[in-house]
Amino acid sequence: MTPRQARSPETQAGDSPTRPRVEGDREREILEATLDVLVEVGYDRLTLDAVATAAKASKATLYRRWNGKASLVVEALAHDKGPSPEPPDTGSLREDLREAYCGLGGLATPRQTALFGSIITAITTDTEFAEMFREVVVGAKIATARVIWERAAARGEVSPDADLQVLEPALAGILMHRAHLLGQPPTPDMVTRVIDAVILPAARATTDSSTTPDQKDLS
C-alpha cells in the first residue's frame, strides 16, 4: 500500500468541513499577539510559530482562520485600527486633519510609528503583503482623506488649482519621513505644525501663469 502523503496545516485547515472557527475573544488575542510580535521582530522575521507561542495557541489553530503570514498581519493591523470611523466633520480642514491624525488610529502615537516601521520593508519586497495592506489598511485611510478634502473644497477652503492627488497623502508622507528617516516620531504638536506650515498654505495657493518669472530672471 502506498503511504498517504502527510498534509500541511494549510491543507488540513482548508479541507476539513467541521473545523472550529477562530473567533471572538480568541481571535482578538491572536491578533493582538501578532501585533506584539510584529513590533518586536518586524514583518520579515515574524513567523506563525512565534505568533502561536505568544498567543498560547497551536500553529494549526492559526491556519484554521488565516492562510498565511500576510493575511494574518494585515488583519491584525486592521484590527488595531478598529472599525473605520466616520471622517471628521468639524467644519474646517485644519481641525478635520488634526482629528484624523491625532485621534484614535491616527499616526501621532508611538505604537503606530512602531507598527509602520515594522512593515516598511515588506511593503517594497513582499508583493502579496503589499497588495493586501494597500487594499485593506491604506484603502480606508485614502477614503477618509478624500472625504475630508472634498468637504474642504466644497467649503471653499481649497484653491481650485490645488492638486488633491498630491495634497491628500502629503501630511502622512511628511510625518513618516520625519519618523523613519529623521528619528522624530509624530506628536500632536508636530502634526499641527505641519498642517499650519505646509498643508494649509499649499491648499490655498493658486497658480497664476501671468506671474511666472521670466526665464532670464531665474539665471
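The values are calculated or read from the model by the stated rules, or taken from the named source; none is laboratory data. It should be emphasised that the depicted structure is a prediction, and the values quoted were computed from it without experimental measurement. We place every Cβ from the backbone using ideal geometry, glycine too, and count neighbours over all the protein chains shown. Heads up: the accessible areas ignore ligands, DNA and RNA and are worked out on the full protein's heavy atoms, side chains in. Shrake-Rupley method; radii C 1.70, N 1.55, O 1.52, S 1.80 Å.
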Residue under question is residue 10, and the condition is that it be within 26 Å of residue 138 (Cα to Cα), of a type outside the set (A, V, I, L, M) and either modelled with pLDDT under 90 or assigned to a helix (DSSP H, G or I) (or both); does it hold? no
Could you check, for region 58-74, whether at least one of its residues is surrounded by fewer than 20 Cβ atoms within 10 Å (Cβ to Cβ) and without any contact (Cβ under 8 Å) to a residue 24 or more places away in the chain? yes
Of those in region 106-115 that are in a helix (DSSP H, G or I) and over 11 Å from the mean Cα position of the chain (by Cα), the residue surrounded by the fewest Cβ atoms within 10 Å (Cβ to Cβ) is 111
Every residue in region 116-149 that is under 9 Å from the mean Cα position of the chain (by Cα) and within 15 Å of residue 70 (Cβ to Cβ), please. 133, 134, 136, 137, 138
Would you mind telling me which numbered condition in (1) under 17 Å from residue 101 (Cα atoms); (2) free of Cβ contacts under 8 Å to residues at least 60 places away in the same chain; (3) open to solvent by 50 Å² or more (accessible area, probe 1.4 Å); (4) of a type in the set (D, E, K, R) residue 204 fails? (1)
Of all residues in region 143-160, count the ones that are surrounded by fewer than 13 Cβ atoms within 10 Å (Cβ to Cβ) and either over 18 Å from residue 199 (Cβ atoms) or touching an Asp or Glu at 6+ places or on another chain (Cβ under 7 Å) (or both). 1
Modelled with pLDDT under 90 and either open to solvent by less than 20 Å² (accessible area, probe 1.4 Å) or within 14 Å of the chain's Cα centre (by Cα) (or both): does that describe residue 103? no
Region 56-75, subset among the hydrophobic types (A, V, I, L, M, F, W, C) and modelled with pLDDT under 95, residue nearest to residue 132 (Cα to Cα): 66
So which pairs qualify, if the first residue must be in region 34-50 and under 21 Å from residue 127 (Cα atoms), the second must be among the acidic types (Asp, Glu), the Cβ gap must be under 7 Å, and the two must be at least 6 apart or on different chains? 35/80
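For (1) in contact (Cβ under 8 Å) with a residue 60 or more places away in the chain; (2) of a type in the set (Asp, Glu); (3) farther than 15 Å from residue 189 by Cβ, each residue gets a yes or a no:
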residue: 89; (1), (2), (3): yes, yes, yes
residue: 92; (1), (2), (3): yes, no, yes
residue: 97; (1), (2), (3): yes, no, no
residue: 101; (1), (2), (3): yes, no, no
residue: 110; (1), (2), (3): yes, no, no
residue: 114; (1), (2), (3): yes, no, yes
residue: 119; (1), (2), (3): yes, no, yes
residue: 129; (1), (2), (3): yes, no, yes
For the subset of region 154-186 comprising residues that are β-branched (Val, Ile, Thr) and over 17 Å from the mean Cα position of the chain (by Cα), which member is modelled with the lowest pLDDT? 166
Here is a check on your reading of the model: is residue 136 over 19 Å from residue 188 (Cα atoms), among the β-branched types (Val, Ile, Thr) and buried (at least 17 other Cβ atoms within 10 Å of the Cβ)? no
